[in-house]
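A short reminder: the numbers here are calculations on the coordinates, not readings from a lab. Quick caveat, the model's predicted, so the values are computed rather than measured. Don't worry about glycine lacking a Cβ; one is built from the backbone with ideal geometry, like all the others, and counts go over all protein chains shown.
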Amino acid sequence: MSDHINELFDEDGNLIGALLTAEAWTAVKPVVLAKLGLAEVARPEVMPEPTDDWETLKEYWDFPYPVDTDVACEHCGNATDDWAADDPRKFRLTAANLAGLVSFQCQNCQAKVVKKHFKDTITTECTPFRDDKVRSKEGRY
Ligand SMILES: [Zn+2]
């Protein structure tokens, strides 16, 4: 074969697997993952926006102020007056619930922006993006 591929056989001569060099594996990994239907695992998961939850929150809005649609990222300065009107999105909705907790992901720097709606005020928390998950995956080879 080649220095890059070592086929492994059991004592009866049946092929049981193959060993690839790091170089060979890096070259064929995307193809192998795609063939096995595992390609999504290699990419960060993109969840659809839970717009139904947002619609429900608006429907049952019982705060003494109008529905707010502005989002701002303290981390990179990205900002919008109406996140839902942006195309493409500056901020993606990641969660909304009836308690008034609405989360977004900044599409510029991936920071998480959480808006908490209280009776008399709205607070915003901005958490910079950490790709711990991706890094630990890459650390394995
Ligand atoms: Zn940002």
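For segment 25-84, the pair-distance distribution built from all alpha carbon pairs, in bins 10 Å wide starting at 0, is 16, 26, 23, 20, 12, 3 percent.
May I ask for the net charge around Glu125, where only other residues with Cβ less than 13 Å from the Cβ of Glu125 are counted and Lys, Arg are +1 while Asp, Glu are -1? With Lys, Arg at +1 and Asp, Glu at -1, the neighbours total +2. Pairs of lysine residues in the chain that meet both criteria, 8 or more places apart or on different chains and Cα atoms under 29 Å apart, total 19. Applying the criteria of a DSSP loop state and at most 14 other Cβ atoms within 10 Å to the chymotrypsin sites (Phe, Trp or Tyr not before Pro) of segment 87-123 yields Phe118. Here the dipole of segment 31-101 is about 520 debye; that uses its Cα centre as origin and unit charges on the Cβ of Lys and Arg (positive) and Asp and Glu (negative).
By the Cβ rule of 4.7 Å, the chain holds the following cysteines without a possible disulfide partner: Cys126. Given the chain, what whole percent of its Cα pairs are spread farther than 24 Å? Summing the P(r) tail past 24 Å for the chain gives 51 percent. With axes computed from alpha carbons, what is the tilt in degrees of helix 22-35 against the longest principal axis of the chain, rounded to the nearest 10 within 0 to 90? With both axes taken from Cα atoms, the answer is about 60 degrees.
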